[in-house]
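The values are calculated or read from the model by the stated rules, or taken from the named source; none is laboratory data. The model shown is predicted, which means the values in this text are computed figures rather than measured ones. Ideal geometry is used to build each Cβ from the backbone, glycine not excepted, and the neighbour counts take in all protein chains shown. Surface accessibility is based on the protein's heavy atoms, side chains included, excluding ligands, DNA and RNA. Shrake-Rupley method; radii C 1.70, N 1.55, O 1.52, S 1.80 Å.
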Amino acid sequence: MKRTRPPRVVTEATQAFSFARRSFVLGGAQLGLGALLVGRMGWLSVAENERYSLLAESNRVNMTLVPPRRGWIVDRYGQPIATNRADFRIDLIPERLRDRDATIAALRRLIGLTDEDVARILQDLEDARGYQPVQVATNLDWDRFAAVSVRQADLPGVAPVRGWSRHYPDGAAVGHLIGYVGPASAKQYEETRDPLYITPGFKIGKDGIEKVLEDRLRGRPGAKRVEVTARGRPVRELTDRPDVAGQQLKLTIDAGLQLYAARRLGNTSGSVVVIDTLSGDILAMVSMPSYDPNSFSDGISHDEWDMLSSDERIPLTNKTVQGLYPPGSTFKPATALAALRAGVDPERTVNCPGGYQLGNRFFRCLGRHGPVNLHRAIAKSCNTYFYTMGREVGMDGVAAAARELGLGAEYPLPFPSQRYGTVPDPAWKQRRFDQAWTQSDTLNASIGQGYILTSPLQLAVQAARIASGRALVPRILANAPIVAPPLDVPTERIGLIRSGMDEVVNGAGTAVRSRLQLDGIRMGGKTGTAQVRRIAGGARGGLNVPWKYRDHGLFIGFAPVDNPRYAASVVIEHGMSGSGAAAPVARDVLTYLFDPPQAMETLSRFEAEWGGDIETRMAAQAVAWKAAKAEPPPAEADADTGRRPA
Amino acid sequence: MRLSIVPARIAGAFPWRIILLVLAIGGFGLTVLYSAAGGSISPWAFTQGLRFAVFTGLAIALSRLREEFWSAIALPGYAITLVLLFAVELAGAVRGGSQRWIDLGFIRLQPSEFMKPGIVLALAAFYARLPIGQIRTITAVWPAALLIGMPAALVMLQPDLGTALMICAGGGVVMFLAGLPMRLFVGGALALAAALPIAFSMLHDYQRNRVLIFLDPEADPLGTGYHISQSKIAIGSGGLFGKGFLNGTQSHLDYLPEGHTDFVFATMAEEWGLVGGVLLIGGFLLLIRWGMRVSARAPNRFSRLTAAGLASTIFFYVAINLMMVMGLAPVVGIPLPLVSFGGSAMMTVMICIGILMSLDRSARGMGSAR
């Protein structure tokens, strides 16, 4: 049922009352909305103030990043290995550029830009966003820099900048050790989206320690702050935010020794690693030939790159951690250690008739040594003795001893790629080749041939562990912990191996020509010659075969022999023999540690013969390479003679 | 409402209080315009100051007129304004594009501005003449709807969404106060809510965009949402006390668009902070409250409705502008009266104030007739 409402009687009085009520409601609504507006404004300006202040500030201030100064890298005595050098650079600020073509033409005249430079600059200007500077030229000399600087007022948008560039005082000697820096790649920028990566003058570690310890070396960028309008017009310069330099990095390296070893390697392709046997400190770690990290950091030319990558001495590889070699006879101390650990009497003699008969196969020795004990076996590098011991102990025992000495291991070091090589055992062969381990495999491994592969760094660790009797872990950062637990073998037994190695150099051994010319300091060591390819009939890869098939020459050693302080490994690729090529280098490098003047004198004689120091020879090589490139390639034999090892 | 320092006799004769309040708001506005120009009286503060002086004079002149004058010209004035709106629409149709003014050579006349007080006066006059018994019948509704609908539709065609809204709102307030049945407004509100999607589909592209951007300004921070975003940044970064006079960066570095016109409040808030904002909003609320009191004191229906309607018109200006500036409403292009640079809104609001003063004066002149 529908309810019918009586029509409301409207009079002047009810009307006035209704008006009063409704206008009160209206006034209330107005006041309410007013309160809402005040509340809203309070919310924006008080509660959200911080957020909006930041937004206003990021509107107002345009920041140009200033690349941070990279942390120095210094050696154990604080001597600089990598530093920063003032660098005069010219940038363009696209926003401020008024007449692009005229400006570039003026710059071209003032600092001599090439057509390629101009094309690159134009391309970068196209890609540049807002205030992002575009690099015009770096590494300018003062005159050209000044020529632009004095005309800066007439060239809006041109910004002469005094920046920093990386400098390595020892050049190629530290190339592989330290690495180099360079502009970040487009890919790195895409990954991080960090505007610093596209800031002119910013360099990122590209290899070696520079790359691995990038985070510690980089520092924090500073900023040039400019107040700009919405249209990007600069209004005034604000106070700059200074950069925070990266951390200084102290290495265990002895820069003098590093440089000496690099120079002493001469024109050979090889490596030297020296380790302090008290702490495991790596004192030198050299791989030659090398590249000059200075020219890499400035941006290497196409020619230079071609030359380096086509060199058969592989200057782009750090051989100390990436080169793998059969250790040859330098492995024999490990086999000796395995025998001692198995309880073999060191005085027991094995008769060497010039080889070892296994079934119907005869494994040759280098000579006919007659009856040999452990001491004489090491001194004479008698294969027969070690064949016998290897077979008695078994491959598992030999491999365990090799690992005890640090072979086949990767160490906690800041290098981008370390290869850990191979210490083979029956299980490994089964896994790797699906074949059973044979007795002849054991014989080959016992003298450091066959499947065994080691890096020069591992060889140096092996030498250091024999010298110290401790399982030293190599370290290169001065603040890394020292790890040196004792080896799992009685001290006097290790002493037997050391005395054999003393005999090698100072008695009737294979390296007597390389004994130290120092009063009261003797060097102990072990030579090794490793076959590059299997040659029929037991012939060695000597002078009669092309360079790249010649045997590698290896040497491990330590000094002083009675109270070891330093251990070293030297590997000379295709050096033909350990005693001829590697041991003399070890002798001179260790001499440098005890008597630098004597060592320098030896070196200067060699360098006079080779044609100058590293820099001079590299420059000469570059000139020769360019000349050769211009002409048809010379005959193979001619190219080879220049590379004959010293 | 007694001002103690001014003798009562003079206070009755001349509306000191309200003139001072208007001068305070306008003066503050000029200060903000001076800063918006980077600390210069040109190009805005000086011109605006002249206008302000002229229109204040106009308001005082209008205040001398008697209530009967307004009652008499209400409907004819409305008719003339409506014809002018037609004329603008015709001229626009001929010339093409959006046309809001008639160019008389020396001044660009914007008839839609006159319609804001015009609709209030016309409706007040209509309800004053309507026999009191018919207020709850259909006779009270359709003529009013027609009076509002015609100018609103014409202004919408220009297209000027903001002004159309204000005409509807001003008319609606008068209808509400006239005592029309409550269900009409509730029903109307519901119908409006239902019609919103349809109305939205009929909007121009740029208007629709503004509404969409209002709902999500961050969706297009560099395009249409830029205004709202930058305005909020300016207000938010001002904090409690602001960045200080002449120190606003959003306005001085041109990040805030329309910082001297529609978004002048943001310019002010950046430099004067919440304190300045509260003072300005408080000033406007005082002005509007005065208008509502004039209405409450008014001796007859026409004065009551006119005063409340004009006060509400000023209120709508302020409220819509501030909501728009603070990101609570879409950008519809309503300036902040007395503060924004520009003559039209100032003229309209000064006319409103002038009529209010005139009605106040008439009420006082008649003593305690009621």
If I take the Cα coordinates of chain B and project them onto the principal axes, what are the three extents in Å, biggest first? 59, 56, 43
Net dipole in debye of segment B:67-202 [+1 Lys, Arg Cβ; -1 Asp, Glu Cβ; about Cα centre; nearest 20]: 240
Please report the relative contact order for chain B, taking Cα pairs under 8 Å with a sequence separation of at least 6, and give it as a percent rounded to a whole number. 25
Inter-chain shielding of A:59-66 (mean C-beta neighbours from other protein chains, 10 Å cut-off): 2
For chain B, the per residue accessible area (1.4 Å probe, Å²) is 41
Got a sec to turn the phi values of segment B:231-237 into Karplus ³J(HN,Hα) couplings, 6.51 cos²θ - 1.76 cosθ + 1.60 with θ = phi - 60°, whole Hz, x for Gly and Pro? 5, 5, 4, 4, 5, x, 6
Would you list B:251, B:201 from the most to the least accessible area, probe 1.4 Å? B:201, B:251
I'd like to check one number: the per residue accessible area of segment A:62-250, probe 1.4 Å, reported in Å² as a whole number. 50
Partner shielding of B:168-177, as the mean number of partner chain Cβ atoms within 10 Å, equals 2
Over 25 Å between Cα atoms, which of A:211/A:548; A:319/A:629; A:429/A:548; A:380/A:548; A:548/A:629 qualify? A:211/A:548; A:319/A:629; A:429/A:548; A:380/A:548
Just read off the accessible area of residue A:605 with the full protein assembly in place, 1.4 Å probe, to the nearest 10 Å². 150
Over segment A:196-268, volume per residue of the alpha carbon convex hull, in Å³: 157
With Cβ to Cβ distances under 14 Å as the rule, what net charge do the other residues near residue B:245 carry (K, R +1; D, E -1)? -1
To the nearest 100 Å², how much accessible surface do chains B and A hide from each other in total, with a 1.4 Å probe? 3900
Stick to the Cα atoms of segment B:67-202, pair each with every other, and give me the Kirkwood hydrodynamic radius in Å at one decimal. 15.9
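Where Lys and Arg each count +1 and Asp and Glu each count -1, what net charge lies around residue B:348 among other residues with Cβ under 13 Å from its Cβ?
Around residue B:348, the surrounding residues sum to +1.
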Enter the accessible area of residue B:52 (Å², nearest 10), with the probe set to 1.4 Å and all protein chains included. 20
Between the chain alone and the structure with every protein chain in place, find the residues of segment B:115-132 that drop at least 30 Å² of accessible area; heavy atoms, 1.4 Å probe. B:132
So how do B:139-151, A:162-174 stack up, highest first, on mean other-Cβ count within 10 Å? A:162-174, B:139-151
Among A:229, A:355, A:377, the residue whose Cα sits farthest towards the positive end of the charge dipole of chain A, when +1 is placed on the Cβ of each Lys and Arg and -1 on the Cβ of each Asp and Glu, is A:229
Using +1 on the beta carbon of Lys and Arg, -1 on that of Asp and Glu, and nothing else charged, what's the dipole of segment A:62-250 about the Cα centre, debye to 20? 560
Nitroxide proxy distance, nm - points 7 Å out along Cα→Cβ at residue A:427 and residue B:247: 7.4
Before anything else, pin down the relative contact order of chain A: Cα pairs under 8 Å, at least 6 apart, normalised by residue count, whole percent. 13
Charge tally for neighbours of residue A:394 with beta carbon under 12 Å away, counting Lys, Arg as +1 and Asp, Glu as -1, is -2
Theoretical ellipticity at 222 nm over chain A - DSSP helices of four or more residues, -39500 (n - 2.57) apiece, nearest 500: -12000 deg cm²/dmol
Sort A:514-520, B:330-336 for me by packing, meaning the mean count of neighbouring Cβ atoms within 10 Å per residue, highest on top. B:330-336, A:514-520
Accessible-area loss of at least 40 Å² (1.4 Å probe, chain alone to full protein assembly) applies in segment B:303-328 to B:304, B:315, B:326, B:328
R0 of 56 Å, Cβ-Cβ distance residue B:61-residue A:237: FRET efficiency to nearest 0.05: 0.55
What number do you get for segment A:127-202 when its Cα radius of gyration is normalised by 2.2 N^0.38 Å, N = residues? 1.38
Could you rank the peptides A:177-185, A:112-120, A:257-265 by their average count of other C-beta atoms within 10 Å per residue, with the highest value first? A:257-265, A:177-185, A:112-120
How big is segment A:266-375 along each principal axis, measuring the range of its Cα positions in Å and listing the largest first? 62, 40, 22
Hydrodynamic calc, the protein assembly as shown: Kirkwood Rh from Cα pairs, then Stokes-Einstein at 10 °C with viscosity 1.306 mPa s, so D in µm² s⁻¹ is 43
Where labels lie 7 Å past Cα in the beta-carbon direction, separation of residue B:198 and residue B:157 in nm: 2.0
Could you size up the charge dipole of the protein assembly as shown around its Cα centre, putting +1 on the beta carbon of Lys and Arg and -1 on that of Asp and Glu, and report it in debye to the nearest 20? 4180
Of A:82, A:71, A:156, which is farthest on the positive side of the dipole of segment A:62-250, counting Cα position, with +1 on Lys and Arg Cβ, -1 on Asp and Glu Cβ, and the Cα centre as origin? A:71
As an exercise, find the ratio Rg/Rh for segment B:131-212 from alpha-carbon atoms, using the Kirkwood inverse-distance average for Rh. 1.03
Fraction of accessible area attributable to carbon and sulfur, the protein assembly as shown (%, probe 1.4 Å): 58
Compute the orientation-averaged projected area for segment A:62-250 from the convex hull of its Cα atoms and round it to one decimal in nm². 11.8
Once you have the Cα-Cα distance between residue A:189 and residue A:598, take 0.36 nm times their residue separation minus that, and quote the gain in nm to one decimal. 142.1 nm
